[in-house]
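Report on one structure; see the data block that follows.
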Amino acid sequence: MRIWVVNHYADPPDGMATRSFDLSRRFVESGNPTTIFTSNFSHYRFSRMRPIQWGRLWHKENVDGVRLVWIQTTPYRSNDWKRIMNMLSFAAISLLAGVIDRERPGLVIGVTVHPMAALAGFWLARIKRARFVFEVTDLWPQSLIELGRLSSASMTARVLRRLERFLFQKAERIVMLWRNTNDYVESQGVSAQKIIWIPHGVELSRYRELRPYDGGTRQPFRIMYLGAFVESMA
């Protein structure tokens, strides 16, 4: 079965957000050709990931058997209207690239962070007559509300909530990264029976050359924090 993954922030192995790629490589190894639609403008580096010929809206590349479709999106430097344009341009152009593509997937996985990417995945699934799976890597708008960045009564929150509920309802399955999300999904009027729990994994092959941990006997003793640099972790 051909699988398409629509994930704005997906990275290849040399990037920082490799979850979609690592899963896709396993899909390929299992005999399922997989394509990832991802943004050519990196949210983590604020730069272009691949050179795209002038006048072209996307670029295709094969990495370890996974087909990557790099979508030409608008640049930004902060969380302002330019980032919103970046999100909208990704959703629109990835939808166009998928419609024009002659491949017919059997399954389309639409991935948040932002729900417009998942919505593009839903429409591609509908147009290509494929099954649709909604993978939730961040709760929009709930995460923004909990961090105090968005009022729950605002128009933006209401629109995002309605879009999230729509995607929950239309998805054949809902992939969650965290346990205990049943109550949240059910609060949106959707059965928790749809949920599949697939937490973050580790591609161990990338760390074979690292020196084994010696128990911290060397000086100076260093502590490493592994997590997000966000207000909620302060």
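The values are calculated or read from the model by the stated rules, or taken from the named source; none is laboratory data. None of the values given here were measured: they were computed from a predicted structure. Positions of Cβ are backbone-derived with ideal geometry, glycine not excepted, and every protein chain shown enters the neighbour counts. Ligands, DNA and RNA are excluded from the accessible area calculation, which covers all protein heavy atoms including side chains. Shrake-Rupley method; radii C 1.70, N 1.55, O 1.52, S 1.80 Å.
Miscellaneous remarks
- Where strands (runs of 3 or more DSSP E) fall entirely within the stretch 18-117, those with at least 2 residues that are of a type in the set (D, E, K, R), under 19 Å from the mean Cα position of the chain (by Cα) and surrounded by fewer than 18 Cβ atoms within 10 Å (Cβ to Cβ) are at 58-63.
- Residue check, PHE90 touching a Phe, Trp or Tyr at 6+ places or on another chain (Cβ under 7 Å) and aromatic (Phe, Trp, Tyr): no
- Pair list, Cβ under 8 Å, 6 or more apart: the stretch 132-157 residue in contact (Cβ under 8 Å) with a residue 12 or more places away in the chain, other residue open to solvent by 60 Å² or more (accessible area, probe 1.4 Å) and of a type in the set (Ser, Thr, Tyr): PRO141/SER152; PRO141/THR156; ILE145/SER151; ILE145/SER152; GLU146/SER232; LEU147/SER232; ALA157/SER151
- Residue in the stretch 212-234 that is surrounded by 10 or more Cβ atoms within 10 Å (Cβ to Cβ) and either in contact with a strand residue (DSSP E or B) (Cβ under 6 Å, 6 or more places away or on another chain) or not in a helix (DSSP H, G or I) (or both) present: no
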